Amino acid sequence: MKAISFDEKTRVFSLRTNNSVYQMQVRDYNTLIHLYYGADVGDCEVDYRIVMLDRGFSGNPYEAGDDRTFSLDVLPQEYSGYGNGDYRINAMECEHEDGSDAIALRYLRHEIKPGKYALEGLPAMFAREADEATTLDITLADAASGLQVHLLYGVFPKLDVITRAVRVLNAGEKVVKIKRAMSMAMDFPNMHMDMIHFYGRHAMERQMERMPLHHGVALVESKRGTSSHQHNPFVILCDHNASERSGSCYGFALAYSGNFRCEVEVDQIDQTRLVMGIHPYHFTFGLRPGETFETPEVIMAYSEHGLGGLSRLYHDAYRSNLIRSRYVTSPRPILVNNWEATYFQFDDEKLFSIAKEAKDLGLDMFVLDDGWFGKRDTDCSGLGDWTVNEQKLSGGLKRLVDRVHGLGLKFGLWVEPEMVSEDSELYRQHPDWVLRVPGRLMSRSRYQLNLDITRKEVRDHVMDQICGIIEECGIDYIKWDMNRSVDNVYSAALSADRQGEVFHRYVLGVYEMMERLVTQFPNLLFENCSGGGGRFDAGMLYYSPQIWCSDNTDARDRLTIQYGTSFGYPISTMGAHVSACPNHQTGCTTPFETRAVVASAGTFGFELDLTRMTAEEKAQAREQIRRYREIEPLVLCGDYYRLTGPYEKKNYIVWQFVSKDKRETAVCGVMLHGEANPHIHLIDLDGLLPQARYQDLDSGRVYSGAALMKAGLPLPIARGDCQPILFRFKRVDGE
Ligand code: GLA
């Protein structure tokens, strides 16, 4: 079966993955009508789904003459225009030179090509081999303005993933201002679905919320210049009764790290339309004749096997065809980060003493966080001055790096390239290099300002400094932070009519800087961060294989943060560290072992003063590292199952990793509190071979896969709060 086909007679496009089908049809007046996306329907075109009726107060295109049944207001469309009788949320909106804003998109031509389209300066999924993906490029045209809208589809049959993006070409003769260009639109024939999205705040990101669709518009969005802590650009639509193991689920992930909007509207006849893309807030983009604009990509997946099935599709797709880093499936260095150990108060001897302990414990890397550069003793100053603070690091950074390398450890470094402090040499020299609205006072956040990285000279200045340090000192890992939302949105380098481009150009600037980092240093391990998980999105994963999941390191809070994150992102992308107790963010205490089990569901590390650990804690830490290394291949490459979730009325949260060959599994979790006269909690495992035999590596007991999945496994009886759960099984039947 071909990944993409076009039936010349019926004019139906069929896009096929191993387990899903997507259909659309060129119908009357060359209107591109969406027919279907979902489970395989066999060799059948489902254009019979379109039932034409005369609808009151729904207008008709002029070409339809007296036919009052052809109305764009009710027909499912592949990509809706503006001002043409469709009153629902639209995909595109423009402003023409004469002040009009209508746009009527009609099918012009299409092309089917092997391989996957790429987007200029934007992250996107890629095909390693040409036969991994096929591209469909459908051109829609607005006859009056000459605007051409290329709908791009990337079909990855084995991954069950279809990507979408839009390239707009001004093939007319006048300037057109794009006011809205969503990456995709999708119409569903009913509203029988729930919407799941991931909201939050700083230090409490990606809390899952599930709600039935309702009439009117539901939306998630960011206007903060980043994808944000507040809403994640990943949304699921699923059956009302979809569970972890069953039910139809659609995922929509925007590979973009700036302002976004996902709108879901249920219309007058209970049809649903979803659009997703760059937020129209403070957005316009001018296109002169011959110029193009490309939207970011939406990565769509469909699973009939519930939310768990959908998540595993995303995990596999990102690991194989989105994250470029060579570390994506290879063991990551286990690190210690000095942030929560010292904050800004350190000198080279203090840092080296932590590094020595790290070596003694068997860690692989020491990471020097904020405070090593410029005049940076608090968060009030120094950002932008990427020169070493020799008052803290006597003899310079290279000396410290060499000493740490001498221990046999790698060396990681924190940077925040997009920012500047008013109290910095950079700001004193270039006060015009910040985003600032003329004649107005600026809004500050953490005492810092956004550099105007829409400007190439600003990007180059910062990156020359940072890349110089990486090169000179032999840095092995970079943590790229971003600690304020984008505001004061105005660039002194752009003309008045281009100010609506600043937010998007800012994101393009970030991507260009990151591209330089990863191409200049292909062996560098790169971790993203934005006050924890404020920019945890598919766009960032194209550049970095891991992202600091949250500034909240409390193990109990991490249960919901990492749970929410796991719906759309591989476990191997979540930076997770064991920190000190009482926890610095919450003041709460959880057992050391529990902190390690929770941090093991991510890229494992420590974030505390190792020199203050007791001998007993050190022995425990060594054991934690050993156990993490054992399960690490499952965390990096295996299948992930959420066996229970934090929103169920259960006293435990349990997840499971299974190796792709189903020979190994680890069951991890937390028993939330000890029970008097306790219940026996049996948990059903998942993803095993029913007939295979699995041995519990601690007790030695052997079970059949079927027994573990159907009869369940008794969880340990807990005493006290937040007790760890960890079982490891290996297949032992010799097959
Ligand atoms: C952010 C990060 C932290 C730490 C601090 C340093 O909040 O998320 O991990 O690096 O900045 O200022």
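Since every read-out is calculated from the coordinates, none of them should be taken as a lab result. Just so it is clear, the structure is predicted and the values come from calculations on it, not from any experiment. Every residue, glycine as well, gets a Cβ built from its backbone with ideal geometry; the counts of neighbours run over all protein chains shown.
In debye, nearest 20: dipole of the chain around its Cα centre with unit charges on the Cβ of K, R (+) and D, E (-)? Show your work: numbers first, answer last.
On the way: 81 positive and 102 negative charges, 265 e Å.
So the dipole magnitude of the chain works out to roughly 1280 debye.
Return the Cα extents of region 4-321 along principal axes one, two and three, sorted largest first, each rounded to a whole Å.
So the extents along the principal axes, rounded to whole Å, are 50, 42, 41.
Between 0 and 90 degrees, rounded to the nearest ten: what's the tilt of helix 555-566 against the longest Cα principal axis of the chain?
Tilt relative to the chain: about 30 degrees.
Could you name the lysines in cross-link range of LYS650, using Cα to Cα under 27 Å and dropping any fewer than eight places away on the same chain?
LYS710
Could you state the angle between the C-alpha long axis of helix 306-321 and the longest principal axis of the C-alpha atoms of the chain, as a value from 0 to 90 degrees rounded to the nearest 10?
Once rounded, one gets 80 degrees.
In region 631-733, which GluC sites (Glu not before Pro) are in a loop and have at most 16 other Cβ atoms within 10 Å, using DSSP for the loop call?
Details: sites: GLU648, GLU664, GLU675; in loops: GLU648, GLU675.
Sites meeting the loop and neighbour criteria: GLU648, GLU675.
Note down the relative contact order for region 534-629 as a percent, whole number, built from C-alpha pairs under 8 angstrom at least six residues apart.
Values: 112 pairs, mean separation 25.7, N = 96.
In percent, rounded to a whole number, it is 27.
Relative contact order, percent, of the chain when contacts are C-alpha pairs under 8 Å separated by at least 6 residues? Intermediate values should be presented prior to the final figure.
On the way: 1840 pairs, mean separation 73.2, N = 735.
It rounds to 10 percent for the chain.
How big is D for the chain, in µm² s⁻¹ as a whole number, if Stokes-Einstein is applied with the Kirkwood radius of its Cα pairs at 20 °C and 1.002 mPa s? Walk me through the numbers on the way to the answer.
On the way: Rh = 27.1 Å.
Result for D is 79 µm²/s.
With each pseudo-label sitting 7 Å past Cα toward Cβ, what's the ASP131-SER495 distance in nm, one decimal?
It works out to 5.1 nm between the two label points.
Where does region 72-167 land on Rg/Rh, using Cα atoms and the Kirkwood Rh?
Working: Rg = 15.4 Å, Rh = 14.8 Å.
Rg/Rh: 1.04.
Taking one equal scatterer on every alpha-carbon of region 342-638, how large is log10 of I(q)/I(0) by Debye at q = 0.09, 0.10 1/Å?
-0.46, -0.57
Using a basic spin-label model with each label point 7 Å from the Cα along Cα→Cβ, how many nm lie between GLU512 and LYS456?
Rounded to a tenth, the inter-label distance reads 0.6 nm.
Please give, to one decimal in nm, the separation of the simple spin-label points placed at ALA144 and THR614, each 7 Å out from Cα toward the Cβ.
Once both label points are built, they end up 7.7 nm from each other.
Given the Cα-Cα distance of GLU8 and ASP661 and 0.36 nm per residue of separation, how much length would full extension add, in nm? Provide the component values of the computation, followed by the final result.
Values: separation 653, 0.36 × 653 = 235.08 nm, distance 4.29 nm.
Length gained between GLU8 and ASP661: 230.8 nm.
With every atom except the alpha carbons ignored, what do you get for Rg and Dmax of region 652-731, in angstroms?
Cα only, region 652-731: 12.8, 40 Å (Rg, Dmax).
Which GluC sites (Glu not before Pro) does region 40-142 hold that lie in a coil by DSSP with at most 15 other beta carbons within 10 Å?
Details: sites: GLU45, GLU63, GLU78, GLU93, GLU95, GLU97, GLU111, GLU120, GLU129, GLU132; in loops: GLU45, GLU78, GLU97, GLU120, GLU129.
Listed in order of number, the matching sites are GLU97, GLU120, GLU129.
Give the lysines reachable from LYS113 as a straight Cα distance under 20 Å; neighbours fewer than 8 places away on the same chain don't count.
The qualifying lysines are LYS2, LYS158.
Do you know the relative contact order of region 1-103, to the nearest whole percent, from alpha carbon pairs under 8 angstrom that are 6+ apart? Present the calculation step by step, with values, prior to reporting the outcome.
Values: 172 pairs, mean separation 15.9, N = 103.
Answer for region 1-103 is 15 percent.
Loop only by DSSP, 12 or fewer other Cβ within 10 Å of the Cβ. Give me the trypsin sites (Lys or Arg not before Pro) in region 695-725 that pass, ordered by residue number. Mind dumping the intermediate values first?
On the way: sites: ARG701, LYS710, ARG719; in loops: ARG701, ARG719.
Filter output for region 695-725: ARG701, ARG719.
Beyond a 27 Å Cα-Cα separation, which of these cross-linked pairs lie in this structure: LYS350/LYS398; LYS359/LYS660; LYS116/LYS730; LYS359/LYS479; LYS9/LYS174? Intermediate values should be presented prior to the final figure.
Numbers: LYS350/LYS398 16 Å; LYS359/LYS660 32 Å; LYS116/LYS730 39 Å; LYS359/LYS479 21 Å; LYS9/LYS174 36 Å.
Pairs exceeding 27 Å: LYS359/LYS660; LYS116/LYS730; LYS9/LYS174.
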